[in-house]
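Structure, as structure tokens:
The values are calculated or read from the model by the stated rules, or taken from the named source; none is laboratory data. Being a predicted model, the structure only gives us computed values, none of them experimental. Cβ: placed from backbone, ideal geometry, glycine included. Neighbour counts: every protein chain shown.
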Amino acid sequence: METKIQGILDRYPAEKTENLIPILQDIQDHDGFLSQESVIEVSKYLKMPSSRIFGVATFYNQFRFTPLGKYHIQVCRGTACHVLGSVTVLDEVEKNIGVKAGQTSRDGMFSLEVVACIGACGLAPVIAINGNFHAKVTCESIKEILDNYRNQE
Amino acid sequence: MEKTQVLVGLASCGIAAGAGKVYDKILDIRQAEKLDFSVKRTGCIGMCYREPLIEVIDATGSYLYGDVDENKALEIVEKHVKSGEPVKEYIVFTDLFKTEDNEFIEGQVKIALRNCGVIDPEDINEYETRGGYKAISGLVEGKVTPEAVIQNVIDSGIRGRGGGGFPTGTKWKFAYNSKSDVKYIICNADEGDPGAFMDRSVLEGDPHSVLEGMTIAAYAIGASDGVIYCRAEYPLAIKRLNIAIEQSKKKGYLGKNIFGKEGFNFDIYVKEGAGAFVCGEETALMASVEGKRGMPRKRPPFPAVSGLWKQPTNINNVETFANIPSIILNGPQSFNCYGTEKSKGTKVFALTGKIKRGGLVEVPMGITIREVIFKLGGGIQNNKKFKAVQMGGPSGGCIPEFLADTIIDYDSVNATGAIMGSGGMVVMDETTCMVDMARFFLDFTQKESCGKCTFCRIGTKRMLEILTRICEGEGKEGDIEMLEELAVHIKNTSLCGLGQTAPNPVITSLKYFRNEFEAHINNKKCPAGTCKKLLTYTVIADKCTGCTVCAKNCSVNAISGERKQPHFINQDACIKCGVCYNKCKFEAISLT
């Protein structure tokens, strides 16, 4: 654990505390989430209380403190998606994978997140799975899309 | 004769619709058959409703094809590129003859989007062949004074495109007048307004115009460092910005002694946001760049006096910067010849929602809302009735149909209770419930409130509770008055724009659609048929053929009945999911 994070920390000078957010972003990119251990590691490196780091990390929606599923589903709940029925889309995804927004399925396959807007409003309603966009989804197409991911296993 | 060119729109939305596969397919065919034509990736062409889009430019003219998939791409290459015969049925726009989508393009004037969908955003040379970096090099070589540059921006009349509408030139003047060795330029690319994607399109389609705009600002106010604060949700925009910055540095357009001018040093780096709407507010944004919680602070001191790291800082929005090179190069009159008395130039809008032709449009100020929706946008999907348009996102409001002839400029839109905002235009039809929309926005602002000011933190929560209650049929007498009272207090006691404008969606909805609120509270009905808890699904016995489809598909077994006999819905068990309504082929389920 220690060595992995060390590689990230080495890229940023220890005295520049403004790099806190990029450091946390890099760690999350690498590990998928921010573990308690990694936050403590950062705290030692930047000589900053870990409470302050948690203060910053919990302020921003991007940071997670639990591991993600193998396939991370983001359901867009922006205005355009809302007007075109993203509530039903979210219901359908939740029903399909059996977890609520913010959770990871027990087999570690899917995790679900609600995002404010991914900026693909022209294709609403939109969901993104591991960064790949699926446009104009319907209850039927969701089933197909998710089954495709399941079949890849 | 020039080689035939094929352009593929590869912005995020194009890629989402499958443009990546189309691009690969075309490259494959070219390689396999050793064909002689050029293939180019480009940014957002704007017609999101027709993605994926490809444009073929040959000796006879340019042809834009829409809804292209791999098979259509193959056909287009086969017939058009190889044999010179355009495939008419897929063409959505061309200069040569009229198509049904003509009006979408014809009503537009492109200044900020001048290069989007035209150039390869990852190639600085293409930007330069379109006049790129000529504005800044002209200033340096002509030894134009900073004062003259600022005067030009003031004369153009451009106002902040992020939504505030503060005159850009005046802002620059403040920063210029602040004396300091270190000054900063920040580009606000934290486009958080849900339902808007103008800035993403500019960053993905023409990143160099933003860099040049920032460099001109740096020249004018004497700044040496620039930061682009971009949403982490826009990975492609961040990637293309970084490529653009690298290329500019190599050419000596960024770095030390730019364009050979001794002492003109300017560097730009990209800072990724971390998903906080409030960071679109300038003081919160700067706190975030400094690595802190993104919470706003009191102004004054304004950023022009004490901003990032307590140094004079000038912050502008992406679209504002994208306009600057054109204003400098072509003169202020090239910009202020469009628009109204107090709002000059053009504005980019993201036209979305229940609109036929949704996409990105750049229109001159002074055009009416109706023209944008019905002429460019082609009207409402499925020929439903137009009800309202939401402008300004969570800080704005819903403009009703009877005000659709309002002209688009900062002051006229403000007069309706909505705001110009950053340019989101979400169109709603008769099936959109306005109470639910108000609740949607309050849910957003309530989650995004940073928590510093009490009324914004707790007041928005109380408003959301009341609105949720109304949508669920539990609304009480006095709820509307309570909403109005809370709205006033939140507006008056919040420090930043988020809180000051958070109640706007509720206030405008109450102003124009009060009857819908009353119907929810007094009659327990949702006139638009959106609020689930207020709906009743019943079987129309005369129309029911007893086919049993509804009963089979009901997930809670709330429907009973014999085969070939009218069925019956048990209201206590019904969860109002609407599956029976959608599955019935005989329109035998009524929704009230």
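Within region B:75-104, the set of residues being of a type in the set (A, V, I, L, M, F, W, C) and surrounded by fewer than 19 Cβ atoms within 10 Å (Cβ to Cβ) comprises B:Val87, B:Leu96, B:Phe97.
On the given criteria, is B:Thr460 within 14 Å of chain A (Cβ to nearest Cβ) and crowded, with 16+ Cβ neighbours inside 10 Å? No.
Across region B:341-357, the qualifying residues are those that are in contact with a Ser or Thr (Cβ under 8 Å, 6 or more places away or on another chain) and in a loop (DSSP other than H, G, I, E, B), and the one among them that is surrounded by the most Cβ atoms within 10 Å (Cβ to Cβ) is B:Gly345.
For region B:124-144, the criterion of being under 17 Å from the mean Cα position of the chain (by Cα) and either away from chain A (no Cβ under 14 Å) or at pLDDT 95 or above (or both) is met by no residue.
Of B:Val579, B:Val539, B:Val549, B:Val556, all but one fail to be over 36 Å from the mean Cα position of the chain (by Cα) and modelled with pLDDT under 90; the exception is B:Val556.
Here B:Leu495, B:Leu510 are screened, and the one residue that is of a type in the set (A, V, I, L, M), under 26 Å from the mean Cα position of the chain (by Cα), surrounded by 16 or more Cβ atoms within 10 Å (Cβ to Cβ) and in a loop (DSSP other than H, G, I, E, B) is B:Leu495.
Annotation for region B:164-179: at least one member residue is away from chain A (no Cβ under 14 Å), surrounded by fewer than 24 Cβ atoms within 10 Å (Cβ to Cβ) and at positive phi.
Among the residues making up region B:180-205, those that are within 9 Å of chain A (Cβ to nearest Cβ) and assigned to a loop (DSSP other than H, G, I, E, B) are B:Glu191, B:Gly192, B:Asp193, B:Pro194, B:Gly195, B:Ala196, B:Phe197.
Considering only residues in region B:1-26 that are touching a residue at least 60 places away in the same chain (Cβ under 8 Å) and not hydroxyl-bearing (Ser, Thr, Tyr), the one that is farthest from B:Tyr234 (Cα to Cα) turns out to be B:Val6. A residue that is under 18 Å from A:Gly85 (Cβ atoms) and either part of a loop (DSSP other than H, G, I, E, B) or of a type outside the set (Ser, Thr, Tyr) (or both) occurs nowhere in region B:556-571. Restricting the search to region B:126-140, which residues are under 12 Å from B:Tyr253 (Cα atoms) and acidic (Asp, Glu)? Selection gives B:Glu128 alone. Screening the candidates B:Lys447, B:Lys375, B:Lys384 for the property of being in the same structural domain as B:Lys491 (by TED's automatic domain parsing) and either surrounded by fewer than 21 Cβ atoms within 10 Å (Cβ to Cβ) or more than 21 Å from the chain's Cα centre (by Cα) (or both) yields one hit, B:Lys447. Of all residues in region A:1-47 being within 13 Å of another protein chain (Cβ to nearest Cβ) and hydroxyl-bearing (Ser, Thr, Tyr), which is surrounded by the fewest Cβ atoms within 10 Å (Cβ to Cβ)? Checked region A:1-47; the qualifying residue surrounded by the fewest Cβ atoms within 10 Å (Cβ to Cβ) is A:Thr17. Restricting region A:60-82 to residues that are buried (at least 20 other Cβ atoms within 10 Å of the Cβ) and β-branched (Val, Ile, Thr), the residue that is nearest to the other protein chains (Cβ to nearest Cβ) is A:Thr79. The numbered conditions (1) within 20 Å of the chain's Cα centre (by Cα); (2) assigned to a helix (DSSP H, G or I); (3) modelled with pLDDT of 95 or more are all true for B:Ala148 except (1). Selection within region A:108-129: residues that are at pLDDT 90 or above and surrounded by fewer than 23 Cβ atoms within 10 Å (Cβ to Cβ). The member of this set that is nearest to the other protein chains (Cβ to nearest Cβ) is A:Ala128. When B:Tyr229 is tested against (1) within 14 Å of another protein chain (Cβ to nearest Cβ); (2) under 30 Å from B:Lys143 (Cβ atoms), exactly one condition is not met: (2). Can you name the residue in region B:274-290 that is facing another protein chain (nearest Cβ under 8 Å) and not aliphatic (A, V, I, L, M) and is also farthest from B:Glu191 (Cα to Cα) among such residues? Here the answer is B:Glu290.
For region A:83-120, filtering for residues that are within 19 Å of B:Met198 (Cβ to Cβ) and in contact with a Pro (Cβ under 8 Å, 6 or more places away or on another chain) leaves 2.
Screening A:Ala57 on (1) modelled with pLDDT of 90 or more; (2) surrounded by fewer than 16 Cβ atoms within 10 Å (Cβ to Cβ) shows it passes everything except condition (2).
Please determine whether any residue of region B:239-260 is surrounded by fewer than 20 Cβ atoms within 10 Å (Cβ to Cβ), within 14 Å of chain A (Cβ to nearest Cβ) and not acidic (Asp, Glu). Scanning region B:239-260 turns up at least one residue that is surrounded by fewer than 20 Cβ atoms within 10 Å (Cβ to Cβ), within 14 Å of chain A (Cβ to nearest Cβ) and not acidic (Asp, Glu). Condition check for B:His208 on (1) touching a residue at least 60 places away in the same chain (Cβ under 8 Å); (2) within 14 Å of chain A (Cβ to nearest Cβ): one failure, at (2).
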